[in-house]
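The values are calculated or read from the model by the stated rules, or taken from the named source; none is laboratory data. Because the structure is a prediction, the values reported are computed rather than measured. We place every Cβ from the backbone using ideal geometry, glycine too, and count neighbours over all the protein chains shown. Surface areas here come from the heavy atoms of the whole protein model, side chains and all, with no ligands, DNA or RNA. Shrake-Rupley method; radii C 1.70, N 1.55, O 1.52, S 1.80 Å.
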Amino acid sequence: MAARLRCISACSLSLASLLGLSALSLPVARALPLRTSLLDAAHDRVNNFYKDSQNLDDPKQQAGVVFRLSKDDKECGGDGVPLSFIEYDVDGARPIDVFNVLSDAHNQPSWDEHCAKMDPLGDFTQVQAKGFAGLFVAPGAPVSGREGYEWMVAEANFTTEEFWLVMSTYNNNDLKQKRPFDSGSVEMQNCMAAYKITKTDKGSHVVNTQQINSHSWPLSARYVANTGWTGSIDFATSLRKVAPTQKQKGWNQTQTFLPSWMLVDRPCGVEPVDEDLRLSILGHAATEMALPEKDRGSMSTATLASGEKMKLWRREKACGGGGVPSTDIPAWWAEFTVPKAKPEEVFNWLVAKADEKSWHKGQGRGNLTGFHRGARGVN
């Protein structure tokens, strides 16, 4: 375990307790990157905690699937929730095939009946993670769906053919800003769902651990896990069917569905500045600016005080997120010339938001609220 921990600072962090691990077994620090934190926690839980049978209840077995719960409940989402472990083989598919199926989360609803949707929320290169909003259901049961905003991190060793995939709702406020919860669903916490995939003579072996608080009151999380463990059999059965079809695509031993930036271990040292928000906004702007005139909406013209002509386009476009319901509002395009001014001069006038009221009649006060993830806040 010690060889896996990188860039540990003296600061303590609650991630260990959140994931049901002791501070001694997982000395994670506040400065430790998200990917490293989650992967180290997953390794500790599967390679250490799970291997000690004294930590576990007696196993249940069916259809080649072994299911066990931890004897003790661990904190997750404000409640005591047991750790579950599911172990099974997937014949006829290489570890990388199983890894590619599981990491293609957006496609999970096509083969997992318990997953109604898994919507991508973006790439977060700073923390080497993807974000998803997942909606999970119990087919045939008269209960509301459970929705969680989850990080995905991963690790791949192409030499030993050992792959790890981890999903978690830990510290997911950035993801919640991307879109509102579905109406009628109940927020859940997936404190950790991790997959360790290794090679066997016939294909692959999977060890899956998870700790999910679905807020099932008055039923306890342990009761729900014990009575609903057959859902793990359903998942394993479906994965056994779809993984060999991934192998039939003929991808080589190192071709992954996930981008390479998610799989590399970054060197220790100062973490790069988080610019995910800046890059996301600039990417959206670049896409909009690339629209041809025919896609900008209805066009009109106006004459400015300087006598210059300005072209205007308007169309209806959805706008929402961060808890605000999406609705269609006008999206405007404007194109005009500013005579006798260099591009950098126009740029400097536009970015000086605190002084905009001195030349823009429609602008009242403008307060700067600081910098966040590469962007300046303006009120």
- Computed lengthening from residue 314 to residue 266, 0.36 nm per intervening residue step minus Cα-Cα distance: 12.8 nm
- Extending each Cα 7 Å along its Cβ direction at residue 305 and residue 287, get the distance between those two points in nm, one decimal. 3.7 nm
- Can you work out the FRET efficiency for the pair residue 354 and residue 79, with r the C-beta to C-beta distance and R0 = 51 Å, to the nearest 0.05? 0.65
- Accessible-area order for 90, 66, largest to smallest, probe 1.4 angstrom, reads 66, 90
- Heavy-atom accessible area of residue 162, protein chains in place, probe 1.4 angstrom, given in Å² to nearest 10, is 60 Å²
- Message: Compute a Gaussian network model of the chain, connecting alpha carbons closer than 10 Å, and tell me which residue from 334, 42, 225 fluctuates the most.
- Response: 334
- Can you give me the Cα centroid spacing of region 86-162 and region 287-348 in angstrom? 39 Å
- Item | Cα gyration tensor category, rounded, prolate or oblate, for region 221-367 with a/c compared to 1.5 | prolate
- Message: Please compute the length gained on full extension between residue 361 and residue 66, using 0.36 nm multiplied by the number of residues separating them and subtracting their Cα-Cα distance.
- Response: 99.2 nm
- Message: Taking 8 Å as the Cα distance limit and 6 or more residues as the minimum spacing, I'd like the relative contact order of the chain as a percentage.
- Response: 14 percent
- Message: What number comes out for accessible area per residue over region 254-379 if the probe is 1.4 Å? Units Å², please.
- Response: 74 Å²
- For region 72-120 the GluC sites (Glu not before Pro) that pass both the DSSP coil test and the at-most-10 other-Cβ-within-10 Å test are none
- On average, how much accessible surface per residue is there in region 200-241, in Å², for a 1.4 Å probe, leaving out ligands, DNA and RNA? 51 Å²
- Note on the structure: In debye to the nearest 20, the charge dipole size for region 63-136, taken about the Cα centre with +1 at each Lys and Arg Cβ and -1 at each Asp and Glu Cβ, equals 100 debye
- What are the ³J(HN,Hα) values, in whole Hz, obtained from phi via the Karplus relation 6.51 cos²θ - 1.76 cosθ + 1.60 with θ = phi - 60°, for each residue of region 215-222 in sequence order, with x given for Gly and Pro? 6, 9, 3, x, 7, 6, 4, 5
- Query: From the Cα gyration tensor of the chain, with a ≥ b ≥ c the square roots of its eigenvalues, which class applies: rounded if a/c is under 1.5, or else prolate if a/b is larger than b/c, or else oblate?
  - Reply: prolate
- Query: How about region 139-239: which trypsin sites (Lys or Arg not before Pro) there are in a DSSP loop, with at most 13 other Cβ atoms within 10 Å of their Cβ?
  - Reply: 202
- Query: Quick one: which of 176/241; 317/340; 294/357; 178/294; 178/342; 51/196 span more than 25 angstrom between C-alpha atoms?
  - Reply: 176/241; 317/340; 294/357; 178/294; 178/342
- Message: Would region 274-340 count as rounded, prolate or oblate if I go by the C-alpha gyration tensor, calling it rounded below 1.5 in a/c and otherwise prolate when a/b exceeds b/c, oblate otherwise?
- Response: prolate
- Simple spin-label estimate for residue 368 and residue 341 in nanometres, 7 Å along Cα-Cβ: 2.0 nm
- Surface share of carbon and sulfur [accessible, 1.4 angstrom probe, percent] for the chain: 55 percent
